[in-house]
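The values are calculated or read from the model by the stated rules, or taken from the named source; none is laboratory data. Predicted model, so just to flag it, every value in this text is computed and none were measured. Every residue, glycine among them, receives a Cβ derived from its backbone with ideal geometry; neighbour counts consider all protein chains shown.
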Amino acid sequence: MANITLQKASALRGEIAVPGDKSISHRAIMFGALSEGITEVSHFLKGADCLSTIDCFRRLGITIEEKEELILVHGKGLHGLKAPDRMLDTGNSGTTTRLISGILAAQPFTTELTGDSSIQKRPMKRIMEPLSMMGADIVSIRDNGCAPLRICGKQLHGIDYISKVASAQVKSAILLAGLYADGITSVTEPAVSRNHSEIMLSCFGADIQSQGNTVSIHPEPVLHARKVIVPGDISSAAYFIAAALVTDGSEILLKNVGINPTRDGILRVAEAMGASITYLSRSDDGGEPVADLLVRSSALHGVTIEGEIIPTLIDELPVIAVMAAYAEGTTVIKDAAELKVKESNRIDVMVTNLLAMGCDIEGTEDGMIIRGGKPLHGSVIDSRADHRVAMSFAVAALAAEGETVIQGSECVDISYPEFFKDLKKLQK
Ligand code: S3P
């Protein structure tokens, strides 16, 4: 296990382009595999999670070439996958595990899949239930509602599913299964989760409509290969946004960041906390809006974060907790019980480690209460192998007195292998 030691930092300055969006990178491989022709993916995120998706699709018979700047996915159409010769390994990736299950539920073969120790604890009933309603044969091999899973492909039926959770992984698993169903499939969520599947499937030629919190898909489209330019990942940009905000005298430019409104909650919350963020050169690629973001250090104040905004910043809540620790006044995070079933229990891990740094914070059933403004001091941080926790505490370390040691720092490879290098670049 690698440790990294960080000191209090002076101002961050300069510009960087964060790596490609993790959610969009996964989908480009998956949808490319199910399309006719060669899908060309640029700015693909070569993080461990997306490499797990590549590995799984190669085992399902798809040729995927990794060039310096491009990934080429040789699609075989909706019905071109073949049975893998061994259990699929989804690594640490919830997106790979849940989305691929929707596809595998409809294949004319049986697949087993599993992932690392974190994946084997994450809830899979949330996809097993709707997929079973569609006629899928999907079981948890240890009968604990988690991976390993055995999926025996079946003819599926369209359903109208009302989901209890706002989860793009659940929604996407059902929509992908819906590609193979014998009628229209629709999913209604309590709040709109990220809509990258809807945008990209539509670009590939699927017949898919969104209305309010409901998405519907027609079966058996012919999907056509596309060029996909993956925007910079706002979830990765979030660490630098927060770092620039909490370190005095900072001014950084983040190039080419995806600002899809189902993902931009971090920006809206940062602005509500008093952040200075300027959007420059806006553009749109394949339906995904992109901008350069100019971020300057700012005096932050506490806010309440709850309700429909939560799915739009769910992965950023750990670093938002760090921003709140450095903000004056109280920040309340509610309606975020999903944090407990991410790569780690992110309520528990954030509370434990921020307490160790001297923060006044308490965990609640569905969030955290952070009484900000107390100076923090360095500490030894157990990342619990959770990439977003390790990067959040790298940000906390920059404005804390003394030295912070982040244990298990190599987990940043999951979504941002060059994170510590890019952070250093901005400290010069
Ligand atoms: C993701 C959806 C989110 C997010 C995860 C990636 C996706 O999970 O936390 O990091 O790519 O669809 P849920 O939609 O299950 O909350």
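For (1) in contact with a helix residue (DSSP H, G or I) (Cβ under 7 Å, 6 or more places away or on another chain); (2) under 19 Å from Thr90 (Cα atoms); (3) hydroxyl-bearing (Ser, Thr, Tyr), each residue gets a yes or a no:
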position	(1), (2), (3)
Ile127	yes, yes, no
Pro130	yes, no, no
Met133	no, no, no
Asp137	no, no, no
Asn144	no, yes, no
Ala147	yes, yes, no
Arg150	no, yes, no
Leu156	yes, no, no
Ile162	no, no, no
Mind listing whichever residues of segment 95-122 are hydrophobic (A, V, I, L, M, F, W, C) and either touching a Lys or Arg at 6+ places or on another chain (Cβ under 8 Å) or modelled with pLDDT under 95 (or both)? Leu99, Ala105, Ala106, Phe109
Quick check on segment 159-174: of everything there that is of a type outside the set (Phe, Trp, Tyr) and more than 11 Å from the ligand (Cβ to nearest atom), which residue is nearest to Gly135 (Cα to Cα)? Ile159
With (1) β-branched (Val, Ile, Thr); (2) surrounded by fewer than 24 Cβ atoms within 10 Å (Cβ to Cβ); (3) not in a strand (DSSP E or B) as the list, and Ile16 as the residue in question, which single condition is left unmet? (3)
In segment 137-230, which strands (runs of 3 or more DSSP E) lie fully inside it and hold 2 or more residues that are within 20 Å of Val41 (Cβ to Cβ)? 227-229
Can Val389 be described as surrounded by fewer than 24 Cβ atoms within 10 Å (Cβ to Cβ) and of a type in the set (Val, Ile, Thr)? no
Whether any residue in segment 37-48 is within 26 Å of Gly158 (Cβ to Cβ), acidic (Asp, Glu), away from the ligand (no atom under 16 Å from the Cβ) and not in a helix (DSSP H, G or I) is what I want to check. no
Thr63 vs. criteria among the β-branched types (Val, Ile, Thr), surrounded by 24 or more Cβ atoms within 10 Å (Cβ to Cβ) and more than 15 Å from the ligand (Cβ to nearest atom): no
Identity of the residue in segment 125-144, within 16 Å of the ligand (Cβ to nearest atom) and charged (D, E, K, R), that ends up surrounded by the most Cβ atoms within 10 Å (Cβ to Cβ): Arg126
Take Val269 and tell me if it is touching a strand residue (DSSP E or B) at 6+ places or on another chain (Cβ under 7 Å) and part of a strand (DSSP E or B). no
Members of segment 318-337 found to be touching a residue at least 40 places away in the same chain (Cβ under 8 Å) and within 15 Å of the ligand (Cβ to nearest atom), listed by number: Pro318, Val319, Ile320
Could you tell me which of the residues Leu300, Leu294 is under 22 Å from Glu328 (Cα atoms) and in contact (Cβ under 8 Å) with a residue 40 or more places away in the chain? Leu300
Are any residues in segment 75-104 within 11 Å of the ligand (Cβ to nearest atom) and surrounded by fewer than 24 Cβ atoms within 10 Å (Cβ to Cβ), and if so, which ones? Gly94, Thr95
